[in-house]
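Reading through the structure tokens given below for one structure.
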Amino acid sequence: MNYTSIDGKQFMNMILAGVNKLNADKASIDSLNVFPVPDGDTGTNMSLTLNSVARFLGQIPETEITVAKVAEQMSYGALMGARGNSGVILSQILGGLAKVFTTKGDTASAKDFVEGFASGKESAYKAVVKPMEGTILTVCREASEYLSAVYQDSFTIEDCLNAYLEEGYRSLDRTPELLPVLKQAGVVDAGAKGLLTIVEGMLAGLNGQTDFVSENKQETVVENDYPEYHIHPDQITFQYCTELIVRNKKEVDVEAARAYLNELGDCTLVVSAGDITKVHVHTNNPGQVLEYFVTFGDLNDIKIENMKAQSERFGVADETIEMEREHKALAVVAVSAGEGLNEIFASLGVDYVITGGQTMNPSTEDFMNAIEVVNADAVILLPNNKNIIMAAEQAANLSQDVQVRVVASRTIPQGIASLMAYDADGDVDENAEAMTEAMQQVRSAEVTYAVRDTSIDEFEIKEGQLLGIVEGKIKAVGDDMQQLICDALNAMDMDTAELATLYYGEGVTEDDANQLLEHLEATYPEVEFELYLGAQAVYSYLISVE
Amino acid sequence: MTKIKIVTDSTADLTVDLIERYQIEVLPLTVTLNEVSYRDGVDITRDAFYQLMSTTEEFPTTSQIPPAVFAETYQRLAAEGVEHIISIHISGDLSGTYQSSVLAGTMVENTVHVHCIDSKSATIGLGPIVLAAARLAEQNLPIAEILETLNRVVEQTAVYFLLDSLDNLHKGGRIGKASHMVGSLLNLKPILSLNEGVISAYEKIRGNKGNKALERLIEILAEKIDPNKKLYCAIGYSDSNALEQAKYIQECLQDKVDCDEFVYLQIGSVVGAHIGTGAVGMGFYQL
């Protein structure tokens, strides 16, 4: 269709179509991960970021849907939902786009898309301290520059998106030339692919298509995990997160359904696509939600979660029950996964642990919530994962009343080491400095398994093999755990080491861990070893050497 | 000539030599272990106390000096012709002893001038303050000037020390701001500070190889001590097994600081009850 301008509802449909398209393709984007490890995947992170966009768009009252309002909510939702580095960059691209669209009132033109994409590129580059080429950054730059160059007054919005995608895909194909790790792994950049997938979805949405079939799985897209909000229990007004899919026998009046759900609770989302309607609401009456929708057809994938119980689980120990935490001068928030590690962090003075699972990198909003909950004048954030640092930094930038500093720990062992220098009575900047220095005293390694065949550097890796990743690089591959860990340790300057610490994961038995410890103590008699239960998922062992 | 007498309590952990040299009046706190009470430094030797502590599961308790004991002492000193008593005690945040002395001072206010000072410190921090008072008193300075100088000494006093564990400090409720480190699941050696009367966690050291924690304590002391100012200090150790570590502190620092005398104080049973065996540290001030 030849739209030269669109209204708020059309714009919203485009964005939601972009969300749905990415959700449909997220598994194939995840599979572009350079390292074949089951961790922090790009597609999932971008999808979770966009689901926050969808949630915020769903909050706009029907009568107030304008281009400006949609842009505003999109930007805010992306900012709050941003997870993983790709999610943060995506949130900046959408934020830049919104900067143009929020000034447009009720209609947007083709030219606005040209300016919007250019503004998105500007914001994205500004957000990254050291922009790396061969990533989503390059693609969003080259695509928007190409669009600006070829744009003519006769262009429809469809022309604009096509031009953007045309150059975008050429640029995507060039990413392996710019980033050697991509070439080695034989993939293109996952974040860039995600961005183009979203724009493709927007284009389809412009033409009225809003649901997409997954490339990998024959499933409709609307099925998706919503971000888990780690809300402090007392902030929860509506207790049950209720989700379901209706296989419509009769057409769902989406507006009426939304209005009904808004009476029952908040965070309402009703998306109808063909004969499928996806429903999400936070309510105290999940039964009424089911009763309402069963009149439209069969209910599928019903999910009712008690967010209070969930949220209490996320907090540290039993402190989550308290009404409001006592005001402190300084607090520390750390990201951790695994009960053992959570307890270790709490025992080192961390005030709040944000639980980040293997594919659940915490969002900017998770950090914002934690910053609020700890009730302190100043807060230090420990992301403990290189893919979470940007979300933490974004939260630090958004915090206005609280002084927030990010100690950019890239691994769990770095986070633990940084806490050795933490002085709860000290000044926030001095602490951040001392902690950053302390974390550099350790070398970190992770042991996990490969999720697919690949070759990286000199290693031929088979699916299911053990991988020893030292300081972010694969340094050992093998089938025998003890041998693999020795190989990994040998890549960590064991000659100068005094102390090595192993945190064993949930898949490892205590007996196995103790046997490994004995073996290592015999192999490296000069080094002191300590073994702790980390109970983390995915990583059999996290190792630090200092 | 105004007759001035220095009174302190047993937590200054002064040696018999020093007490005699400066004619200091020392009143004992009480420590109770296995239901037997001992006057600190009087009824039980320090080594015997640590020995006893290491052979029992019981946690020793300590009690302050009662006001009546202070009042009696102040009255006796007044009867001996003392006009001004400078009574310097363990931090009011750690013990009720200072409060007792203040109360006793008001009880005898018509008989003698009692000047109570909260050292905001203890043991190796309190010891050097008391010695400063004794030296000032010997110089026959006006009392106001002595007190003013002592105030500055108290302000300048810092203590850094290393413990084997925080268990005793925690059990005895004297953990102060280091409480967040208790129950750490990792094997940590805490370096603590005692400043402004309160114990704080200064740094945590992981691992036991190569005396890492002691080396770091010495590094911290070297950072905190100004080499261009005269250093007044006391090096402390709890059980005699820790003496070697205490000597190592002097060995490492003596060429880097301007100090006439490294005073060694064995930490007595009252403070020892709270910090346990294996403690070593230094208290100091510079004017």
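The values are calculated or read from the model by the stated rules, or taken from the named source; none is laboratory data. Being a predicted model, the structure only gives us computed values, none of them experimental. Backbone-built Cβ (ideal geometry, glycine too); neighbour counts: all protein chains shown. Heads up: the accessible areas ignore ligands, DNA and RNA and are worked out on the full protein's heavy atoms, side chains in. Shrake-Rupley method; radii C 1.70, N 1.55, O 1.52, S 1.80 Å.
In segment B:158-285, the alpha-carbon atoms span a convex hull of 97 Å³ per residue.
The listed residues A:479, A:429 rank as A:479, A:429 when sorted by accessible area, largest first, using a 1.4 Å probe. Counting only the Cα atoms, segment A:5-206 fills a convex hull of 98 Å³ per residue. Looking at the square roots a ≥ b ≥ c of the eigenvalues of the Cα gyration tensor of segment A:445-545, which shape do they give, rounded for a/c under 1.5, prolate if a/b is larger than b/c, or oblate? Oblate, because a/c is 1.5 or more while a/b does not exceed b/c.
In chain A, the DSSP beta bridges split such that about 70 percent are antiparallel, to the nearest 5.
Could you give the angle, 0 to 90 degrees to the nearest 10, between helix A:389-398's Cα long axis and the longest principal axis of the Cα atoms of chain A? Helix A:389-398 sits at roughly 60 degrees to that axis. Largest GNM mean-square fluctuation across B:82, B:26, B:271, computed for chain B with C-alpha springs under 10 Å, falls on B:82. As a length-normalised measure over Cα pairs under 8 Å and 6 or more apart, the relative contact order of chain B settles at 22 percent. Per residue in segment B:209-234, which ones lose no less than 40 Å² of accessible surface when going from chain alone to all protein chains (1.4 Å probe)? Residues meeting the cut-off: B:209, B:212. Chains B and A together bury roughly 1800 Å² of accessible surface, counting both sides and using a 1.4 Å probe on protein heavy atoms. Rounded to the nearest 10 degrees, the inclination of helix A:110-127 to the longest alpha-carbon principal axis of chain A is 10 degrees. Pairs of Cα atoms nearer than 8 Å and 6+ residues apart set the relative contact order; for segment A:76-216 it is 20 percent. When the square roots of the Cα gyration tensor eigenvalues are ordered a ≥ b ≥ c, the ratio a/c for segment A:339-391 is 1.5 or more and a/b does not exceed b/c, which makes its shape oblate. Going by alpha carbons, how many degrees (0 to 90, nearest 10) lie between the helix axis of A:136-150 and the longest principal axis of chain A? So the helix axis and the longest Cα principal axis differ by about 30 degrees. The residues of segment A:416-447 listed by number as losing at least 20 Å² of accessible area in the complex, against the isolated chain and with a 1.4 Å probe, are A:420, A:422, A:423, A:424, A:425. Partner lysines whose Cα lies under 28 Å from the Cα of residue A:104, excluding those fewer than 8 positions away in the same chain, are identified as A:9, A:21, A:69, A:121, A:126. Rounded to the nearest 500, the 222 nm mean residue ellipticity of chain A from helices alone is -14500 deg cm²/dmol, with -39,500 (n - 2.57) taken per DSSP H run of at least 4 residues.
Residue B:228: net charge of surrounding residues, Cβ under 12 Å, Lys/Arg +1, Asp/Glu -1, itself excluded? With Lys, Arg at +1 and Asp, Glu at -1, the net is +1.
When +1 charges are put on Lys and Arg Cβ atoms and -1 charges on Asp and Glu Cβ atoms, the dipole computed for the protein assembly as shown relative to its Cα centre reaches about 1080 debye. Scaled against 2.2 N^0.38 Å for its residue count N, the alpha carbon radius of gyration of the protein assembly as shown is 1.19. Taking other residues whose beta carbon is less than 14 angstrom from the beta carbon of residue B:34, and scoring Lys, Arg as +1 and Asp, Glu as -1, yields -4. Residue A:93 exposes around 10 Å² of accessible area when a 1.4 Å probe is run over every protein chain in place. Listed here are the pairs A:130/A:183; A:303/A:462; A:193/A:278; which of them are more than 30 Å apart at the Cα? Flagged as over cut-off: A:303/A:462. Here's the list of lysines a cross-link from residue B:171 could span, going by alpha-carbon distance under 19 Å and ignoring same-chain residues fewer than 8 apart: B:189. Take every DSSP beta bridge whose two residues both sit in segment B:158-285; close to 75 percent of them are antiparallel. Shape class of segment A:315-439 from the Cα gyration tensor (axes a ≥ b ≥ c, square roots of the eigenvalues): rounded, since a/c falls below 1.5. For segment A:437-546, the residue among A:476, A:459, A:519 whose Cα projects farthest onto the positive side of the dipole built from Cβ charges is A:459. When A:245, B:143 are compared by accessible area of protein heavy atoms, the largest-first order is B:143, A:245, using a 1.4 Å probe. Rolling a 1.4 Å probe over the heavy atoms of the protein chains gives the protein assembly as shown an accessible area of 40 Å² per residue.
Taking all protein chains as present, what is the carbon and sulfur share of the accessible area of the protein assembly as shown, in % to the nearest whole number, probe 1.4 Å? The computed percentage sits at 46.
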